[in-house]
1. So which of 48/108; 108/200; 53/200 end up more than 32 Å apart by C-alpha?
2. Loop-only check: which trypsin sites (Lys or Arg not before Pro) in the stretch 129-177 are DSSP coil with at most 16 other Cβ within 10 angstrom?
3. Taking Cα centroids, how far is the stretch 87-159 from the stretch 1-48 in Å?
4. Can you list which of the trypsin sites (Lys or Arg not before Pro) found in the stretch 1-73 are DSSP loop residues with at most 12 other C-beta atoms within 10 Å?
5. With a bin width of 10 angstrom, please list the P(r) values of the chain as percents of all Cα-Cα pairs, from the 0 bin to the one holding the largest distance.
6. For residue 63, what is the net charge nearby, where nearby means another residue's Cβ is under 10 Å from its Cβ and Lys, Arg count +1, Asp, Glu -1?
7. In the stretch 1-110, which GluC sites (Glu not before Pro) fall in coil by DSSP and have 12 or fewer other Cβ atoms within 10 Å?
8. Which value at 222 nm does the chain reach when only helices count, each DSSP H run of 4 or more adding -39,500 (n - 2.57), with the total divided by all residues and rounded to the nearest 500 deg cm²/dmol?
Amino acid sequence: MFTLAFDTATRTASVALLEGETVLREETLDTGRNHSETVLPLIDRILKNAKLKIGDVHLFSCTLGPGSFTGVRIAVSTLKGMILATEKPAVGVSTLDALSLNVEPTDKMICAMIDAGRGQVYAALFRRKQQDILQRLTADLCLKPQDILRDIKEDVICVGDGAIKYLDVFYKKAENGLEIPRQIEHHIKASSVAVLGIEKFQRGELLDINACTPVYLRTADVQQKGIENNG
């Protein structure tokens, strides 16, 4: 089974093609949120390199948010177009679920966070003690970075561009061990989106194209001239 997965929720755009659980191709670009001009050519290049056409894909998976309003909307629109063009099944996953998979299995709590602008982050807490088991401890939240670790009384690994941006804040607030390993890549990987998508597909949790909507968590930042900022 070929799975095509992609993410455009942050500054980076990532696309991956899997056959079964094997990653055939994966590319991630830091486009500065110019995803409307990059994600489709990136998908096309990956499929051509694998000598496949869009109709050869069996499953589509993408992130639905939270993240940049524009980026999330581009991903959902792209996904809907592919569903309409191919009539193949599709699934949607949380950006924070995908981001948490950057951390290897550990006894420590995992905090995945994305810079949300306006002095806030999108964040969620997880446990991942075994390779194939991701336990979500909270819903996706939008809050100030200083509030994330306030009530946590154990060691935490933080991952994501929100962790990097507010590094000093977290070290001041952490009551126990705080780890932000440099070797961890803090962008969302499309291969992780694919892995989570395959799991949801196997559970029968497919998207309804008519009900599929982005996950924003808050209202858009719209300026007077109608320019949309990071969501």
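Rule-based calculations on the coordinates, nothing more; no lab input. The structure presented is a predicted model; accordingly, all values stated were derived computationally and were not measured. Here the Cβ is made from the backbone with ideal geometry for all residues, glycine too, and neighbour counts use every protein chain on show.
1. Cα-Cα > 32 Å for 48/108; rest within.
2. Values: sites: 129, 136, 150, 153, 165, 172, 173; in loops: 150, 153.
When the trypsin sites (Lys or Arg not before Pro) of the stretch 129-177 are filtered for loop state and at most 16 Cβ neighbours within 10 Å, 150, 153 remain.
3. Result: 22 Å between the Cα centres.
4. For trypsin sites (Lys or Arg not before Pro) across the stretch 1-73 that sit outside H, G, I, E and B with at most 12 neighbouring Cβ atoms in 10 Å, the list reads 51, 53.
5. Per 10 Å bin, starting at zero, the Cα-Cα P(r) for the chain comes out as 8, 34, 35, 18, 4, 0 percent.
6. Result for the local shell: -2.
7. When the GluC sites (Glu not before Pro) of the stretch 1-110 are filtered for loop state and at most 12 Cβ neighbours within 10 Å, 21, 87 remain.
8. -7500 deg cm²/dmol, from helical runs alone.
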